[in-house]
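The values are calculated or read from the model by the stated rules, or taken from the named source; none is laboratory data. On a predicted model such as this, the values are computed, not experimentally measured, just so you know. With ideal geometry, Cβ positions are generated from the backbone for all residues, glycine too; neighbour counts draw on all protein chains shown.
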């Protein structure tokens, strides 16, 4: 047998170990190379881990991601020259999803930006973090300091019971709403915690010194709600939640409007512009993009995966960028880009898999409703 | 009936010139949750080492190669509705396809159960 569509993304260099390497192995994880690191792809099995996260709480090690602090006089205005979000309006403890854009408006990375006491706390994707840091250093003025928090691990605790488990260990975290963050104490140890994640569920992301992360992860997994979850389920959870994965669904050839991420272009920036590619992007925002990221429901049981072409009759009208079996939906699902005339929900297309045509239907994202703990929403 | 194993983690039960093929318990463990199996149709001619079937887990699609040459007599119809049979009973109810051997001498050099067990232990 040979894998034809493996999740592994090996780099030319030998993959590096993360702080929880031994911890994962001791819990029976199968380890794979991903984004330059050795990471757990699964423990008990992707299906069981996925479903556990949707009904209880899953602990994910996302320490491969880059944690940065940007600080210095004028940091908001400086960062706004590189991203389309309203950074100036970000109050302390508020978090925003944004995009690092190239000169022509292509997406170099998607990232989270939070106003922290020390500056702007930024979390970037592991696979491109070194490119991101180089890009920021090249384009931000010298007086802006970029601090890469390499001595910190990052955990995500996701699922409807994440709050019950975490507040037992870190009192007060339940006061956070979705996309808020703050400093909390675990004993005497300060942790930076946000109420966010990438599964579509309520949950938290916890930045913690690497030297303490194993003890903290042990404590979390001692809670009856919590089990460790690997990268495999992280991928199927985010796909069901309609969330794009950088390097697969988003890349430098894709702009935010094509990527269906126009929400990341803040209102003030829409009128003022001044971000990379703002001419192209604001024009596409007004007139529509030539192609669009959409969800695809698949007929039958055969998964349709990344790289499958999408047809309307004999014409190629798009391509799948993420796809697989969705445990909560209990069917194969996919995400991809299709030409604008074929992007309306309900449009019937065909995907080609191993030379065979499979009927698919364009649908709105997400596939599974989000369950975020939003401020002002009915609880 | 004799059971042979390949280094691609397939098993072959041979009875005269007919054979049944599946993947081993080790293989299903490596793949994880099986969500789809594409078996060859009856009448299809397979060449040793060529594509024979596709098995898909949640995360990936993997090719299954023909361990020997022959003509397919039946794909396992039960896998269409219940692909997880490959996880629960890989070396029994979770078989992939049956074929008529084209050249029984191709079985020479395949492993027996003890040799395969040693092979897996060395991985």
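So that you can scan it fast, the table gives a plain yes or no per residue for (1) under 30 Å from residue A:185 (Cα atoms); (2) within 14 Å of chain B (Cβ to nearest Cβ); (3) touching a residue at least 60 places away in the same chain (Cβ under 8 Å):
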position: A:222; (1), (2), (3): yes, no, no
position: A:234; (1), (2), (3): yes, yes, yes
position: A:253; (1), (2), (3): no, no, yes
position: A:266; (1), (2), (3): no, no, yes
position: A:269; (1), (2), (3): no, no, yes
position: A:276; (1), (2), (3): no, no, yes
position: A:287; (1), (2), (3): no, no, no
position: A:307; (1), (2), (3): no, yes, yes
| request: Hey, could you check segment A:236-251 for residues that are surrounded by fewer than 22 Cβ atoms within 10 Å (Cβ to Cβ) and within 14 Å of chain B (Cβ to nearest Cβ) and say which is nearest to residue A:88 (Cα to Cα)? | output: A:245
| query | Looking at segment A:32-46, is at least one residue out of contact with any strand residue (DSSP E or B) (no Cβ under 9 Å at 6 or more places or on another chain), more than 14 Å from chain B (Cβ to nearest Cβ) and modelled with pLDDT of 95 or more? | reply | no
| task | Return yes when residue B:26 is surrounded by fewer than 21 Cβ atoms within 10 Å (Cβ to Cβ), within 12 Å of another protein chain (Cβ to nearest Cβ) and within 19 Å of residue A:354 (Cα to Cα) and no when it is not. | result | no
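Residues of segment A:107-128 being in a strand (DSSP E or B) and over 11 Å from the mean Cα position of the chain (by Cα), which ones? Full working, then the answer.
We begin by selecting, within segment A:107-128, every residue in a strand (DSSP E or B); these are A:107-116, A:119-124.
Selection gives A:107, A:108, A:113, A:114, A:115, A:116, A:119, A:120, A:121, A:122.
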| request: For segment B:88-102, state whether one or more residues are touching a strand residue (DSSP E or B) at 6+ places or on another chain (Cβ under 7 Å), part of a strand (DSSP E or B), more than 27 Å from residue A:328 (Cα to Cα) and within 12 Å of chain A (Cβ to nearest Cβ). | output: no
| said: Let me confirm something: among A:305, A:280, A:354, which residue is within 24 Å of residue B:36 (Cα to Cα) and surrounded by fewer than 20 Cβ atoms within 10 Å (Cβ to Cβ)? | reply: A:354
| Residue check, residue A:215 against (1) touching a strand residue (DSSP E or B) at 6+ places or on another chain (Cβ under 9 Å); (2) under 22 Å from residue A:67 (Cβ atoms); (3) modelled with pLDDT of 95 or more, all met but one. Which one? | (1)
| message | Take residue A:143 and tell me if it is over 21 Å from residue A:274 (Cβ atoms) and assigned to a loop (DSSP other than H, G, I, E, B). | response | no
| task | Scan segment B:58-70 residue by residue and report those that are touching a helix residue (DSSP H, G or I) at 6+ places or on another chain (Cβ under 7 Å) and either more than 7 Å from every other protein chain (Cβ to nearest Cβ) or in a strand (DSSP E or B) (or both). | result | B:62, B:68, B:69
| said: Return the residues of segment B:76-87 that are within 14 Å of chain A (Cβ to nearest Cβ), in contact with a strand residue (DSSP E or B) (Cβ under 9 Å, 6 or more places away or on another chain) and without any contact (Cβ under 8 Å) to a residue 60 or more places away in the chain; say none if nothing qualifies. | reply: B:79, B:80, B:83, B:84, B:85, B:87
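Looking at residue A:296, is it away from chain B (no Cβ under 14 Å), touching a strand residue (DSSP E or B) at 6+ places or on another chain (Cβ under 7 Å) and within 27 Å of residue B:79 (Cβ to Cβ)? I'd like the intermediate steps shown before the answer.
Numbers: away from chain B (no Cβ under 14 Å): yes; touching a strand residue (DSSP E or B) at 6+ places or on another chain (Cβ under 7 Å): yes; within 27 Å of residue B:79 (Cβ to Cβ): yes.
It is true that residue A:296 is away from chain B (no Cβ under 14 Å), touching a strand residue (DSSP E or B) at 6+ places or on another chain (Cβ under 7 Å) and within 27 Å of residue B:79 (Cβ to Cβ).
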| message | Condition (residue is assigned to a strand (DSSP E or B), surrounded by 22 or more Cβ atoms within 10 Å (Cβ to Cβ), at the interface with chain A (Cβ under 7 Å from one of its Cβ atoms) and more than 15 Å from the chain's Cα centre (by Cα)) applied to segment B:34-57: is it met by at least one residue? | response | yes
| Any residue in segment B:2-18 that is more than 14 Å from the chain's Cα centre (by Cα), surrounded by fewer than 17 Cβ atoms within 10 Å (Cβ to Cβ) and within 14 Å of chain A (Cβ to nearest Cβ)? | no
| field | Output for segment A:319-361, where each listed residue is more than 14 Å from residue A:303 (Cβ to Cβ), in contact with a helix residue (DSSP H, G or I) (Cβ under 7 Å, 6 or more places away or on another chain) and more than 14 Å from every other protein chain (Cβ to nearest Cβ) | value | A:349
